[in-house]
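Shown next, in structure tokens, is the structure this report addresses.
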């Protein structure tokens with residue numbers, strides 16, 4: 001039997017909307033206009049009622065006819081971890097992809113190169129290069145958020161030089177590895193679940209690898225504007241510091257350096 005090639009592999013994409021209707025619709029339309037055979041299913045979880053989005057999705061002019069869209073409705077809002085865990089429970093595709101609702105695709109193909117990187121021997125998780133709407137490179141690659149590193153970053157404004165974890169805005173990994181890890185830790189309601197997950201991937205599966213793929217992220221930093229989100233962030237950070245994954249990471253710092261981003265295809269400058 002011939003080994004499965006990247007072109008034959010499949011991915012299930014999980015998107016959670018919490019009132020992100022216009023962004024979700026724009027993203028789904030992009031995915032439909034730039035079809036990739038590897039994208040077999042898109043699971044869209046509506047974390048809060050969005051009748052306007054639901055109506056648009058049901059209309060033919062929504063422009064998403066080419067997508068196999070699986071829409072889930074929550075009776076009550078759930079956290080980031082639980083939503084994605086439920087969406088991807090029992091996934092039969094070769095890979096799973098966590099994708100924020102406020103993302104935009106900047107090149108085609110997008111998912112194929114991510115799968116190709118995640119398929120390489122020794123790799124545990126693939127992620128894209130992110131930029132904001134103004135074209136500035138985003139810091140979705142971070143050093144371990146220890147108290148010392150946070151002081152260096154926030155107070156001394158020092159640049160981080162290694163990649164211990166990556167943002168959950170977009171993650172791609174093998175389904176069997178996702179299942180072996182048990183998905184995200186649902187003890188986190190919001191924030192730091194991607195830190196813990198990245199550390200467990202490094203500890204148990206393999207390296208984090210940046211794919212030569214650009215995506216745009218709105219990056220809604222609610223924790224800096226809303227007290228409730230700030231409280232969730234502080235509580236999640238405190239919980240993270242007491243987990244085995246964090247203690248392991250303190251003893252096993254990443255050897256992966258933080259590199260400048262590659263130039264976008266068709267663009268001779270680094271920013272997108």
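Those residues that are modelled with pLDDT of 95 or more and crowded, with 16+ Cβ neighbours inside 10 Å, I need them from region 240-260; list them, please.
Matches in region 240-260: 240, 243, 245, 246, 249.
Here is a yes/no grid of residues against (1) at negative phi; (2) under 16 Å from the mean Cα position of the chain (by Cα); (3) crowded, with 22+ Cβ neighbours inside 10 Å; (4) not in a loop (DSSP other than H, G, I, E, B):
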residue: 144; (1), (2), (3), (4): yes, no, yes, no
residue: 148; (1), (2), (3), (4): yes, no, no, yes
residue: 151; (1), (2), (3), (4): yes, no, no, yes
residue: 172; (1), (2), (3), (4): yes, yes, yes, yes
residue: 179; (1), (2), (3), (4): yes, no, no, yes
residue: 184; (1), (2), (3), (4): yes, yes, yes, no
residue: 197; (1), (2), (3), (4): yes, yes, yes, yes
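Could you check residue 160 against (1) farther than 26 Å from residue 106 by Cβ; (2) more than 18 Å from the chain's Cα centre (by Cα) and say which number it fails?
(1)
Tell me which residues, restricted to region 153-170, are buried (at least 20 other Cβ atoms within 10 Å of the Cβ), over 23 Å from residue 13 (Cβ atoms) and touching a helix residue (DSSP H, G or I) at 6+ places or on another chain (Cβ under 8 Å).
Looking only at region 153-170, we keep the residues that are buried (at least 20 other Cβ atoms within 10 Å of the Cβ), and these are 163-170.
Keeping just the survivors that are over 23 Å from residue 13 (Cβ atoms) gives 163-164.
Within region 153-170, just 164 meets the criteria.
So in region 65-93, with the set limited to residues that are in contact with a strand residue (DSSP E or B) (Cβ under 9 Å, 6 or more places away or on another chain) and in a loop (DSSP other than H, G, I, E, B), which one is surrounded by the fewest Cβ atoms within 10 Å (Cβ to Cβ)?
92
Might you let me know whether region 24-43 holds any residue that is surrounded by fewer than 21 Cβ atoms within 10 Å (Cβ to Cβ), out of contact with any helix residue (DSSP H, G or I) (no Cβ under 8 Å at 6 or more places or on another chain) and on the phi > 0 side of the Ramachandran plot?
No, the conditions are met nowhere in region 24-43.
All but one of (1) in a loop (DSSP other than H, G, I, E, B); (2) in contact with a helix residue (DSSP H, G or I) (Cβ under 8 Å, 6 or more places away or on another chain); (3) under 27 Å from residue 166 (Cα atoms) hold for residue 115, so report the exception by its number.
(1) is the only condition that residue 115 fails.
How many residues does region 32-47 hold that are at pLDDT 95 or above and either within 19 Å of residue 190 (Cβ to Cβ) or not in a loop (DSSP other than H, G, I, E, B) (or both)?
The total comes to 9.
The values are calculated or read from the model by the stated rules, or taken from the named source; none is laboratory data. Given the structure is predicted, the values throughout are model-derived calculations rather than measurements. Counting neighbours? That spans all protein chains shown, and the Cβs are built from the backbone with ideal geometry, glycine included.
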